[in-house]
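Everything on this sheet refers to the single structure shown next.
Derivation of every value follows stated rules applied to the coordinates shown; laboratory data play no part. The model shown is predicted, which means the values in this text are computed figures rather than measured ones. Every residue, glycine as well, gets a Cβ built from its backbone with ideal geometry; the counts of neighbours run over all protein chains shown.
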Amino acid sequence: MAFTLDKVVPWGRSYAEYVSMFSLTEADLGSHILGCGDRPAGFNAELTNRGGHAVSFDPVYMFDVEQIKSRIAETYETVMAQMRINQNDYIWDAIPSIKALGKIRLSAMDSFLADFELGKQQGRYVAGELPVLPFEDRQFDMALSSHFLFLYSAHLSAEFHFQALQEMLRVAREVRIFPLLALDGAISPYLSLVCDEFASRGFDVQIVKVDYEFQRGGNQMLVIKPK
């Protein structure tokens, strides 16, 4: 089945959220970073403006800026209405209110939209879908996946997770995944399977607490890298 924009609910997180979600140090931010499933996040645009190096990979990048902008406008109020209904599932601390959340996410998506055309020309936004990555072996220092793997455990199989992570480990020296929760707020049923599988393959596998918790209980990332 072809990927279609009308099935997408674009929702982009900010540079500051990426730094907190993945515990990115100054050294990390100076490395070559791949974001898998970034959607319209502001991380690539801001890191590039700061002199960093990032490539974002997502099927939504096959569309042009006006199409993505239109889809954001179509779905924004629906997302915000769902947040109001489910607000008790979130911790309103670093993000103090639903109104503040909307402002942060719109700002992040505006940064993405302003950067998208130039970034696509420069090869910083690459269209495609996991579990296949069109990059060279060890092309990146770090591969990140925000709110995709594990989160959609009800829709993506264990085999998909294995294949996607194996591919991310092919193109990057280290992989970080956040959060470890599924959409229902429970730890993904695939987490232990993934940890056992990659540990058995000789990788260093760690679950690391981070200084970010918005989805209640979502304050851990998975880190996988060669020993």
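About its Cα centre, the chain has a charge dipole of approximately 200 debye under the convention of +1 per Lys or Arg Cβ and -1 per Asp or Glu Cβ, with nothing else charged. Here Thr78 and Glu26 are evaluated by their C-beta separation; at R0 = 25 Å the FRET efficiency comes out at 0.10. Placing pseudo-labels 7 Å out from each Cα toward the beta carbon at Ala114 and Ile91 gives an inter-label distance of 3.1 nm.
Among 188-194, 175-181, how do they line up by average Cβ neighbours within 10 Å per residue, starting with the highest?
Values: 188-194: 17.6, 175-181: 25.6.
Peptide ranking by packing, descending: 175-181, 188-194.
Full extension of the segment from Thr48 to Gln139, taken as 0.36 nm per residue of separation minus the current Cα-Cα distance, would add 31.0 nm. Express the Stokes-Einstein translational diffusion coefficient of the stretch 51-151 in µm² s⁻¹, to the nearest whole number, given a Kirkwood radius over alpha-carbon pairs, 4 °C and a viscosity of 1.567 mPa s. D, rounded to a whole number, is 82 µm²/s. If you take the alpha carbon atoms of the stretch 122-191 and fit the smallest convex hull around them, that volume is 88 Å³ per residue.
Once whole DSSP H runs in the chain are found, which of them have Cα atoms spread over 18 Å or more along the helix axis and a mean Kyte-Doolittle score of at least 0.0?
Numbers: long enough: 65-85 (30 Å, -0.22); 98-121 (35 Å, 0.19); 158-171 (20 Å, 0.09).
Helix filter hits for the chain: 98-121, 158-171.
Report the Cα centroid-to-centroid distance between the stretch 75-150 and the stretch 157-227 in angstrom, as an integer. Their Cα centres are 18 Å away from one another.
At a Förster distance of 25 Å, what's the computed FRET efficiency of Val65 paired with Lys103, Cβ-Cβ distance as r, to 0.05?
The formula returns an efficiency of 0.75 here.
Of all lysines in the structure, the ones whose alpha carbon falls short of 19 Å from that of Lys120, not counting any fewer than 8 places away in one chain, are Lys69. Starting from the Cα gyration tensor of the stretch 37-92, take the square roots of the eigenvalues, sort them a ≥ b ≥ c, and report rounded, prolate or oblate (rounded when a/c is under 1.5, otherwise prolate if a/b is larger than b/c, else oblate). The shape class here is oblate. Counting only the backbone N, which residues of the stretch 56-90 are under 18 Å from the spot 7 Å out from the Cα of Ala186 toward its beta-carbon? Backbone N within reach: 89.
Taking all Cα-Cα distances within the stretch 4-78, those exceeding 22 Å account for 27%. Full extension of the chain between Glu159 and Ala16 gives 48.3 nm of extra length, using 0.36 nm per residue less the Cα-Cα distance.
Percent of C-alpha pairs per 5 Å bin in the stretch 164-227, short distances first: 4, 17, 28, 24, 16, 9, 1.
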